[in-house]
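Below is one structure, written out as structure tokens, with a few remarks after it.
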Amino acid sequence: MRAVWRRVALAILFSLALGFGLAHATGMAAQNTPTMIRRDGVNLTLPQERRAEAIGNHLRCLVCQNETVENSQAGLAKQFRGIIRRRVVRGESNQHIIAFMVHRYGIFVLLKPPLIPLTMLLWGSPILALLIGLGVLVLARRRREKPVASLDPAEQARLKELLQ
């Protein structure tokens with residue numbers, strides 16, 4: 001009976017030690033989590049960094065064209081990220097930051113520009129390219145050489161005479 005109580009006591013002590021060890025390790029991990037990070041030369045908190053990333057994901061890298069500012073490795077994209085992060089740290093709203101970027105770099109800095117007269121060519125370019133391609137195809141078919149008419153009997157006789 002004493003051996004059973006001893007095992008129970010050891011199991012409880014082991015469980016308590018393991019629990020305290022995990023609690024201590026978790027507390028240490030929480031203490032080591034940074035509250036400030038430095039990205040693109042700007043110190044920000046984690047929520048500010050998330051906001052800056054969200055804004056950068058709505059803007060196009062003008063060098064790469066089909067990449068967001070956040071995903072691009074181009075020097076211009078890095079400058080854009082710095083501008084965005086400095087303005088986020090200043091406390092400007094997302095709309096104000098995006099409006100500043102559009103004012104400074106043009107409507108085409110938006111990854112999904114709105115449908116306005118200025119961007120209609122951008123939105124319509126796939127259809128325009130398809131129509132131009134079909135037009136070239138039609139013109140190419142029309143300009144093909146027509147088959148040569150066959151020789152009449154007099155021309156065939158003359159050709160036969162020349163070949164012999």
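The values are calculated or read from the model by the stated rules, or taken from the named source; none is laboratory data. Fair warning: this is a prediction, and the values are worked out from it, not measured in the lab. Here the Cβ positions follow ideal geometry from the backbone for every residue, glycine too, while neighbour counts run over all protein chains shown.
Regarding the range 25-47, can at least one residue be identified that is polar (S, T, N, Q) and at pLDDT 85 or above? Yes, the conditions are met somewhere in the range 25-47. Does the range 110-132 include one or more residues that are modelled with pLDDT of 85 or more, touching a His at 6+ places or on another chain (Cβ under 9 Å), assigned to a helix (DSSP H, G or I) and surrounded by 15 or more Cβ atoms within 10 Å (Cβ to Cβ)? Within the range 110-132, not a single residue is modelled with pLDDT of 85 or more, touching a His at 6+ places or on another chain (Cβ under 9 Å), assigned to a helix (DSSP H, G or I) and surrounded by 15 or more Cβ atoms within 10 Å (Cβ to Cβ).
One line per residue, one yes/no per condition, for (1) closer than 30 Å to Arg39 by Cα; (2) within 24 Å of the chain's Cα centre (by Cα); (3) in contact (Cβ under 8 Å) with a residue 40 or more places away in the chain:
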residue	(1), (2), (3)
Leu62	yes, yes, yes
Asn71	yes, yes, no
Gly75	yes, yes, no
Ile98	yes, yes, yes
Trp123	no, yes, no
Pro126	no, yes, no
Ala129	no, yes, no
Gln156	no, no, no
Leu162	no, no, no
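In this structure, Ala149 qualifies as on the phi < 0 side of the Ramachandran plot and assigned to a loop (DSSP other than H, G, I, E, B). Taken over the range 84-108, the residue count meeting the criterion of being in a helix (DSSP H, G or I) and closer than 17 Å to Arg50 by Cβ is 11. For the range 51-66, filtered to residues that are closer than 15 Å to Tyr105 by Cβ and surrounded by 14 or more Cβ atoms within 10 Å (Cβ to Cβ), the residue that is modelled with the lowest pLDDT is Cys64. The set of residues in the range 67-80 that are outside any loop (DSSP other than H, G, I, E, B) and closer than 14 Å to Leu110 by Cβ comprises Thr68, Phe80.
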